[in-house]
Amino acid sequence: MEKFKVIVKKTRNILGWRLKIVDNKTVEIKVGLLADWKKIIKEKEDWIVKRLAKMPERKKIIGLKKLNILGEEYKLNIAPGRNDSLIFFDDKKEIYVRSKRLTESCLQKLIDKKMRPPALKIIREKAKELGEKFGIKLGGIKIKNQKTRFGSCSSRGNLNFNWQIIIFPKKLFEHVILHELAHILIKDHSPRYWAKLKEMDSNCVQNNKWLKREGAKQFIV
């Protein structure tokens, strides 16, 4: 039995190699066209196994009947369809998913792709609201799926968020956004940064502990 699955991506545009943990059973390696990726994986096997053991097991989408978004319950209706589609009814608190193939892999890809636009809308609105509240000028905001990261802030003040933070309880969702807004003002994690974040989120220490302990466990893709 294989210890883990390896996704290999070969490209001309890389010197050396890059490893990325995808989930608790999968690792991705990006290498040059002539690189011996099997040798690299063998050499790093112990490190990979240890990292995979720390990764939370993803929830199964097949069988899910509901999805909590910012503490509110949305009915999740998954059924076969001629085309892949997802319709997000915010007012009715319902999400309709139709897929040509009802496999876990296909549903993950479909939901990951189709949930990004409504998630971006939710995140932008909250970031704008909190930015105005604390007098912070926002740059651009983009959505990614960084697997184990919740957000990031570039040197120019542009923000990236994992769209799945909308699955968090509302206060934790807001904490992630405040964390990155504070980075627009202070780029590092110095004591000055944490003092600023605490001004913005008085419960930031407890919220940060929850994210480290529970955050990635909430993700479904």
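Some values worked out for this structure:
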| read-out | value |
| --- | --- |
| Qualifying position, being within 21 Å of the chain's Cα centre (by Cα), open to solvent by 30 Å² or more (accessible area, probe 1.4 Å), farther than 21 Å from ARG213 by Cα and at pLDDT below 90, among LYS20, LYS5, LYS25, LYS54 | LYS5 |
| Every pair of residues 6+ apart whose Cβ atoms lie under 7 Å, when the first sits in segment 94-120 and is free of Cβ contacts under 8 Å to residues at least 40 places away in the same chain while the second is open to solvent by 30 Å² or more (accessible area, probe 1.4 Å) and hydroxyl-bearing (Ser, Thr, Tyr) | ARG98/SER85 |
| Counted residues, segment 207-217 - those being surrounded by 13 or more Cβ atoms within 10 Å (Cβ to Cβ) and free of Cβ contacts under 8 Å to residues at least 60 places away in the same chain | 4 |
| Qualifying residues in segment 96-141 (those that are more than 23 Å from MET200 (Cβ to Cβ) and among the small types (Gly, Ala, Ser)) - the one farthest from the chain's Cα centre (by Cα) | SER99 |
| Positions within segment 163-175 being open to solvent by less than 40 Å² (accessible area, probe 1.4 Å), in contact (Cβ under 8 Å) with a residue 40 or more places away in the chain and of a type outside the set (A, V, I, L, M), in sequence order | TRP163, GLN164, PHE168, PHE173, GLU174 |
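The values are calculated or read from the model by the stated rules, or taken from the named source; none is laboratory data. Since the structure is predicted, the reported quantities are computational estimates derived from the model, not experimental observations. No Cβ is skipped: glycine too gets one built from the backbone with ideal geometry, and neighbour counts run over all protein chains shown. The area values use the complete protein model at the heavy-atom level, side chains included, leaving out ligands, DNA and RNA. Shrake-Rupley method; radii C 1.70, N 1.55, O 1.52, S 1.80 Å.
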